[in-house]
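S.K.: Provided herewith is a single structure, encoded as structure tokens, for subsequent inquiry.
The values are calculated or read from the model by the stated rules, or taken from the named source; none is laboratory data. All of these numbers come straight from a predicted model, not from anything done at the bench. Counting neighbours? That spans all protein chains shown, and the Cβs are built from the backbone with ideal geometry, glycine included. For the accessible areas, the whole protein counts, side chains as well, though only heavy atoms, and no ligand, DNA or RNA atoms are used. Shrake-Rupley method; radii C 1.70, N 1.55, O 1.52, S 1.80 Å.
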Protein chains: 2
Amino acid sequence: VTTTLRVALAGCGTVGGALVDLVSHSAREIAWRTGVRIEIVRVLVRDLRRLRGPNVQREIVTDDVDDFLASPADVVVEATGDVPTAGQIASATLSSGRRFVTANKALMRDSGPELAALAHRHRASGATLDFEAAVGGGVPIVRLLRESMAGHVIDSVRGVLSGSANYILWRMEQGESFAESLSCAQERGLTEADPSRDLQGVDAADKIAVLAWLAFGVHPRTIDVRLRGLPDDPRDLTSAARSRNSVARLAAHASHVNGKLDVAVGPEIVDRTHPFGRTTEDQVAITVVSRSAGQICLSGRGAGGAATASALLADIVRAAAPIPVLLPTELSYANFQLQT
Amino acid sequence: VTTTLRVALAGCGTVGGALVDLVSHSAREIAWRTGVRIEIVRVLVRDLRRLRGPNVQREIVTDDVDDFLASPADVVVEATGDVPTAGQIASATLSSGRRFVTANKALMRDSGPELAALAHRHRASGATLDFEAAVGGGVPIVRLLRESMAGHVIDSVRGVLSGSANYILWRMEQGESFAESLSCAQERGLTEADPSRDLQGVDAADKIAVLAWLAFGVHPRTIDVRLRGLPDDPRDLTSAARSRNSVARLAAHASHVNGKLDVAVGPEIVDRTHPFGRTTEDQVAITVVSRSAGQICLSGRGAGGAATASALLADIVRAAAPIPVLLPTELSYANFQLQT
């Protein structure tokens, strides 16, 4: 029942490496749920000498973008984090009528609508653009806004969008210092080598701008996000929160106020029972308010390789199999060996 | 940019009627987000004499199934709630290579895998099967399990799945009697004329069985759901909850325990800070635990025509436009008249 889907992967750091591992470890689940066998045919890296995990064969690795783009892939996945390279790969992929999947929030903020238009122009030859992994880690907020809420008039999108910032604030709640919390987040691959994008809210600003685009149709590059990051040492913030039996979170929102779009990122003190206050570790939480569906709330893991890779995978198989294959009973039983 | 999508709608009660209204009121949002203009070309009803809303033209209404199936529709939407009729419509639609979208949880529990196999067999001619509206109302749990979590090894799915039962329990929390709460739920179109399916948990059992199918690959009809409904008068239950500063909810779960699948529905007393305890009115809440993504939580409106219709709409436009059209900036601005 399975067809093979050839994937070319640009970037093999935290996210790209996690995708390679996920594809390798979950081959059976993927085939069962989607009817697709994924084969990674090419991996683009910056440094050929750096060691990759055991699931990356040496012969498929290249550091040459043209070589990478020439590979016979059905889907090109971008996890470099670099905007110029990502933009070049995106344009070339979509123009050649192929599927492009990205985790790059900065790319989507900068030129998401242009890339969407390019994919639309080349849709007849098979071009698609997907970017679930760009916002929300393992939480499918992009698909919710793009598809599930088509036809909804949206009033607001609010979220704790930086799993990295959340992890640090959450550890400080447990009494750790800022320095300890930060180094622990870095050890776990939850922040970039330079964590300032996460802490200053630049990362969250890119994400809320992309969500505002999906919800309200405004080009994310043109959105002026009112931005306040975490304080240099967030200790005063977390202490103030604790004294009110609340917690501090880096929150973002995009909402319609009197016909104007208001988009902002900043630290907030929130109640522990609020969906934002209930986030622990590297979780994110997002609420969408619309006329017909009221408030929809999503939460889950929002940072780290595994969660982001799972969003990439969802987009990869979606491009391949718009109808997920649900196998007949006997096959499913055989695969899962359930004794009900 | 828009293409027209012809919809034949079976059933024009609470859910079907809400879909007609949603399509009529949100035409602009739908066209903007998806590039699709929806035209309802045929409506199947049981009683031709019953008055429909102002958005249903008399000349498209029929009470003849064959006449209905012969209509020139791209998508057939089923919101009758009746299993035999729904099954007949589903088989005929998929066999003829057309798209079938349903809100019918009982149908999906009874023959979801067979219908999925039928859609798969006829996929080359364009058959697709979608049933987001069958579980969770406006909360996109079906898509989460079918697509976003492809490749995840799922440990458990838990949920407050009956918005109707939740509404009644929530009103009783505010001090109302069972009879008052029930009649209020009925007035708002949140329960069937016969509410026993909701109250006895049969409705939730169908839903958790369908989710267990998506998560674990077991045929939902073969799943033996351990079922306890609400007590005849849930007052003792809600009082017991209140005395523990907690709330009573009708909860369902499907989980792997020692290699066995355990699926159950029953009243539970849950903490107010738990995602289930935080549901108000007709909200539902669902948590999915998997190895790579940890716990993902979704909540939102789970009953009533508008929420369910919005899930139908998401499936309708998805079938039409697997690439949602994200329009260039100037168009979006023009449509929304935002002054940023």
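S.K.: Percentage of Cα-Cα pair distances in segment B:212-260 greater than 15 Å, rounded to whole percent?
M.R.: Everything past 15 Å amounts to 60 percent.
S.K.: Still on this structure, please answer the following. Could you state the angle between the C-alpha long axis of helix A:202-216 and the longest principal axis of the C-alpha atoms of chain A, as a value from 0 to 90 degrees rounded to the nearest 10?
M.R.: Its long axis makes an angle of about 70 degrees.
S.K.: Using the 2.2 N^0.38 Å rule of thumb for compact globular proteins, work out how segment A:232-287 stacks up: its C-alpha Rg over that value, please. Before the final figure, lay out the partial values.
M.R.: Working: Rg = 12.8 Å, N = 56, 2.2 N^0.38 = 10.2 Å.
Relative to the 2.2 N^0.38 Å estimate, segment A:232-287 comes out at 1.26.
S.K.: What is the spread of the Cα atoms of the protein assembly as shown along each of their three principal axes, largest first, in whole Å?
M.R.: 72, 59, 57
S.K.: Given a 1.4 Å probe and no ligands, DNA or RNA in the count, how much accessible surface is buried by B and A, both sides, to the nearest 100 Å²?
M.R.: Details: alone 15880 and 15870 Å², together 25540 Å².
The summed interface area works out to 6200 Å².
S.K.: Right, something else. How large is ³J(HN,Hα) for each residue in segment A:230-236, as worked out from phi by the Karplus curve 6.51 cos²θ - 1.76 cosθ + 1.60 (θ = phi - 60°), to whole Hz, x for Gly and Pro?
M.R.: 6, x, 4, 10, x, 4, 4
S.K.: Got the relative contact order for segment A:158-293 handy, in percent, Cα pairs under 8 Å and 6 or more residues apart? Before the final figure, lay out the partial values.
M.R.: Values: 229 pairs, mean separation 47.9, N = 136.
Across segment A:158-293, relative contact order equals 35 percent.
S.K.: I've got another one for you. Please turn the phi angles of segment A:291-301 into ³J(HN,Hα) values with the Karplus equation 6.51 cos²θ - 1.76 cosθ + 1.60 (θ = phi - 60°), one per residue in order, whole Hz, x for glycine and proline.
M.R.: Those phi angles translate into 4, 7, 9, x, 9, 9, 10, 10, 8, x, 5 Hz.
S.K.: Oh, and also: If I ignore ligands, DNA and RNA and count only protein heavy atoms, how much of B:E180 is accessible to a 1.4 Å probe, in Å² to the nearest 10?
M.R.: 100 Å²
S.K.: Residue by residue, what Karplus-based ³J(HN,Hα) values in Hz, rounded to whole numbers, does segment B:72-82 have, using 6.51, -1.76 and 1.60 with θ = phi - 60° and x for Gly and Pro?
M.R.: Coupling constants for segment B:72-82: x, 10, 7, 10, 9, 10, 10, 9, 7, x, 9 Hz.
S.K.: Please compute P(r) over all alpha-carbon pairs of segment B:53-184, binned at 5 Å starting from zero, and give each bin as a whole-number percent.
M.R.: Over segment B:53-184, the share of Cα pairs per 5 Å bin runs 2, 9, 15, 16, 17, 13, 12, 8, 6, 3, 1, 0 percent.
S.K.: Now a separate question. Amide H to amide H, which residues 5 or more places from A:E281 or on other chains are under 5 Å from it, using H placed in the peptide plane?
M.R.: Close amide H contacts, sequence-distant or interchain: none at all.
S.K.: Something else about it: From zero up to wherever the largest Cα-Cα distance of segment A:176-323 sits, split into 5 Å bins and tell me the percent of pairs in each.
M.R.: Result, from short to long distances: 2, 8, 14, 20, 21, 17, 10, 6, 2, 1, 0 percent.
S.K.: Further question on the same structure: Provide, in order from the shortest bin, the percent of all Cα-Cα pairs of chain A in each 10 Å bin, continuing until the bin that contains the maximum pair distance.
M.R.: 6, 25, 32, 25, 11, 2
S.K.: Using a loss threshold of 30 Å², tell me which positions in segment B:109-144 are less accessible in the complex than in their chain alone. Probe radius 1.4 Å, ligands and nucleic acids ignored.
M.R.: Buried-area filter returns B:H120, B:P140, B:R143.
S.K.: Hey, another quick one. Count the net charge of all other residues whose Cβ sits under 14 Å from the Cβ of B:V263, scoring Lys and Arg as +1 and Asp and Glu as -1. Show your work: numbers first, answer last.
M.R.: Details: positive: B:R109, B:R158, B:K207, B:R221, B:R226, B:R228, B:K260; negative: B:D155, B:D206, B:D224, B:D262.
With Lys, Arg at +1 and Asp, Glu at -1, the neighbours total +3.
S.K.: About the Cα centre of segment B:123-236, how large is the charge dipole given +1 on each Lys and Arg Cβ and -1 on each Asp and Glu Cβ? Please answer in debye to the nearest 20.
M.R.: Details: 12 positive and 17 negative charges, 112 e Å.
Dipole about the Cα centre, nearest 20: 540 debye.
S.K.: Percent relative contact order of chain B, based on C-alpha pairs within less than 8 angstrom and at least six residues apart?
M.R.: Details: 691 pairs, mean separation 73.7, N = 340.
Value for chain B: 22 percent.
S.K.: Roughly how tilted is helix B:14-25, in degrees to the nearest 10 and between 0 and 90, from the longest Cα axis of chain B?
M.R.: 50 degrees
S.K.: Using a cut-off of 26 Å between alpha-carbon atoms, which lysines can reach B:K260, once sequence neighbours fewer than 8 places away in the same chain are excluded?
M.R.: Partners found: B:K105, B:K207.
S.K.: Count the DSSP beta bridges whose two residues both fall in the protein assembly as shown, then state the antiparallel fraction as a percent rounded to the nearest 5. Could the numbers behind the result be given before it?
M.R.: On the way: 63 of 109 bridges.
If I count the DSSP bridges inside the protein assembly as shown, around 60 percent turn out antiparallel.
S.K.: Given an 8 Å cut-off on Cα distances and at least 6 residues of separation, report the relative contact order of segment B:31-174 as a percent. Walk me through the numbers before you get to the answer.
M.R.: Details: 149 pairs, mean separation 22.3, N = 144.
About 16 percent, as a whole number.
S.K.: Roughly how many percent of the accessible protein surface of the protein assembly as shown is carbon and sulfur, given a 1.4 Å probe and a whole-percent answer? It would help to have the intermediate numbers written out before the result.
M.R.: Working: 12050 of 25540 Å².
Whole-percent figure for carbon plus sulfur exposure: 47.
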